[in-house]
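Before any comments, here is the structure.
The values are calculated or read from the model by the stated rules, or taken from the named source; none is laboratory data. For clarity, every value in this text was computed on a predicted model and none was experimentally measured. A quick note on method: Cβ atoms are made from the backbone with ideal geometry, for glycine too, and the neighbour counts reach across all protein chains shown. In case anyone asks, the SASA skips ligands and DNA or RNA and just uses the protein heavy atoms, side chains included. Shrake-Rupley method; radii C 1.70, N 1.55, O 1.52, S 1.80 Å.
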There are 2 protein chains.
Amino acid sequence: MDIGTAPQPWLSDAPWAALEAKFSRYLALSDAERDCLASWQAPARVMPRRRDLVREGNDVACVYLLCRGIVSRYRVLPDGRRQILGFGLPGDVIGFPSCSLARAAASVCCITESEVAAIPLEQFASTLTRFPRIAAALFWIAARETALAQERLVTLGRRGAEERVAYFFLELCALLHKGRPRDGERIAFPLTQEIIADTLGLSTPHANRTLRRLRDQRLLALDGQEAILLDARGLIALASFDPAHFAAMPIPGL
Amino acid sequence: MDIGTAPQPWLSDAPWAALEAKFSRYLALSDAERDCLASWQAPARVMPRRRDLVREGNDVACVYLLCRGIVSRYRVLPDGRRQILGFGLPGDVIGFPSCSLARAAASVCCITESEVAAIPLEQFASTLTRFPRIAAALFWIAARETALAQERLVTLGRRGAEERVAYFFLELCALLHKGRPRDGERIAFPLTQEIIADTLGLSTPHANRTLRRLRDQRLLALDGQEAILLDARGLIALASFDPAHFAAMPIPGL
DNA sequence: GCAACGCATTGATCTGAAGCAATGTTCCCG
DNA sequence: CGGGAACATTGCTTCAGATCAATGCGTTGC
């Protein structure tokens, strides 16, 4: 049952590999395309933990390639209520302007120390029109992102606290390890319970109690920076989690 | 205060106009691009109210251009709990395969009688690689879709029932009328209270009570198929709604 | 070694929303 | 015109989860 140490992708010291790997999963890159992507990662900047990379409402002049670290996208309501919208991993492009394409719709905060390369918005945009296959790939990646967000809508709208927490770890596992969650799988992710709570729309005390309940049911073990899926089957049933949603994706037509 | 009859876009009898308008809002189309989009709308099929256009879990062979009508994307949990993920209006392309790019992650149901043109997935995909500007536009549209879904995450995760309902109508107004909601604005949309409840993660009785409370506070008037924003300012404050999120979007670099 | 901070944990109380059940209202259809 | 179906409305009870408040505890910094 021992499947070894969990991968800690945010510690990657080969940031360029993350981006290339991300695209290579979807399409074979030509030399020109490769060069273009390579030009994105020019001058990487180091951001400390807890520092905001983007503030909601600000003008967007560039997007960011996350080279190392983990970030969270979040929104806060005027009275302080916070909702985390998702996480960014190395290789992800962060900080798109959103509905209104000039301003950031959400803030981005570094959960761990991170390294980011700023890509001027025009450069990013021109890549899209010069390299149609990259644009297509990014389109499908964006569609996937939408599907993920929508699946989380189900979680927040219709699942109870235990289901939410179970779903949370299963999704994390599927995204990090890129496969169907198995018994004993280890998830290393530098999360505080507050982050879990704000992701799942729960209060911190309630998230804590719920975690305890899952531990008492021997579904999940928590060990410092690591969570272990003791009973993947049980969690999947509890959360109505569909592993097929996270299967690998060949991009149509590429 | 009378701003006339609300537009009822789903009744459009010029479906092609919807798609062209959608793209023209973002970029000036070349002739070749125009021809390509035109080829999408070949044989339109009529779907009755309540009929499912796509079933979650099914293989995806084509995407659909919605020419007339309104549809909803939704997911159901095994025990029947339902969550509506969003709505589709004429001009929208519906039914992408999602995370796993082979299968539908959600179902799509016709809220009104609708007319759809099926676009084979390969044709859609090849359009992306042949017309980079269209791919880029679709990328930004997808990014916008993600932002919308994420804003709804805030609603479901952190807003109370009254805030949710207020937000719902404001968003609807902004999307349909494409502008900042004003006092007296009329929203015509063929909604049942069950649809509202399933969109907002509420039970039908509770949605009903909440609607009544908003009516009692003279924030909203409900008249059959029409809702009227009596006090837009009040609703905006109640929902912590940011109209700037819905401002018009020029696409960078096109 | 002590103080302070960030985070986890736990308890007691309160409340918003769900669940259940019944009744009312339209509108459609035979 | 009568019977249903679909939808809206309302009351009552229950419960999940929020809120408030305190305590524990490991790490960091002085």
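Can you name every residue in region A:156-211 that is within 14 Å of another protein chain (Cβ to nearest Cβ), within 9 Å of DNA strand C (Cβ to nearest atom) and of a type in the set (Val, Ile, Thr)?
Scanning region A:156-211 gives A:Ile195, A:Ile196, A:Thr204.
State whether the residues of region A:92-113 include one that is of a type in the set (Gly, Ala, Ser), over 20 Å from A:Ile141 (Cβ atoms) and either open to solvent by less than 30 Å² (accessible area, probe 1.4 Å) or touching a helix residue (DSSP H, G or I) at 6+ places or on another chain (Cβ under 6 Å) (or both).
yes
Given the criterion of a type in the set (S, T, N, Q) and open to solvent by less than 10 Å² (accessible area, probe 1.4 Å), identify the matching residue among B:Thr199, B:Thr204, B:Thr192, B:Thr155.
Going through B:Thr199, B:Thr204, B:Thr192, B:Thr155 in turn, the sole match is B:Thr155.
Here's a check for you: in region B:217-236, which residue that is of a type in the set (D, E, K, R) and either open to solvent by less than 20 Å² (accessible area, probe 1.4 Å) or within 15 Å of DNA strand C (Cβ to nearest atom) (or both) is farthest from the chain's Cα centre (by Cα)?
Checking each candidate, the answer is B:Asp223.
Kindly indicate whether A:Leu138 is facing chain B (nearest Cβ under 10 Å) and crowded, with 23+ Cβ neighbours inside 10 Å.
Here the answer is yes, as A:Leu138 does meet what is asked.
Could you figure out which of (1) modelled with pLDDT under 85; (2) open to solvent by 60 Å² or more (accessible area, probe 1.4 Å) isn't true of A:Gln41?
So A:Gln41 meets the others, but not (2).
Which of the following residues is within 14 Å of chain B (Cβ to nearest Cβ), buried (at least 19 other Cβ atoms within 10 Å of the Cβ) and out of contact with any helix residue (DSSP H, G or I) (no Cβ under 6 Å at 6 or more places or on another chain): A:Arg73, A:Arg25?
Of the residues listed, the single one that is within 14 Å of chain B (Cβ to nearest Cβ), buried (at least 19 other Cβ atoms within 10 Å of the Cβ) and out of contact with any helix residue (DSSP H, G or I) (no Cβ under 6 Å at 6 or more places or on another chain) is A:Arg73.
Within region B:212-254, which residues are in contact (Cβ under 8 Å) with a residue 12 or more places away in the chain, part of a helix (DSSP H, G or I) and within 14 Å of another protein chain (Cβ to nearest Cβ)?
Result: B:Ile236, B:Leu238, B:Ala239, B:Pro243, B:His245, B:Phe246.
Give the residue that is farthest from the chain's Cα centre (by Cα), with candidates limited to residues of region B:55-70 that are within 13 Å of chain A (Cβ to nearest Cβ) and over 15 Å from A:Ala244 (Cα atoms).
Result: B:Ala61.
Which numbered condition trips up B:Ile84, out of (1) farther than 20 Å from B:Ala17 by Cβ; (2) touching a residue at least 40 places away in the same chain (Cβ under 8 Å); (3) surrounded by fewer than 22 Cβ atoms within 10 Å (Cβ to Cβ); (4) of a type outside the set (Lys, Arg)?
(3)
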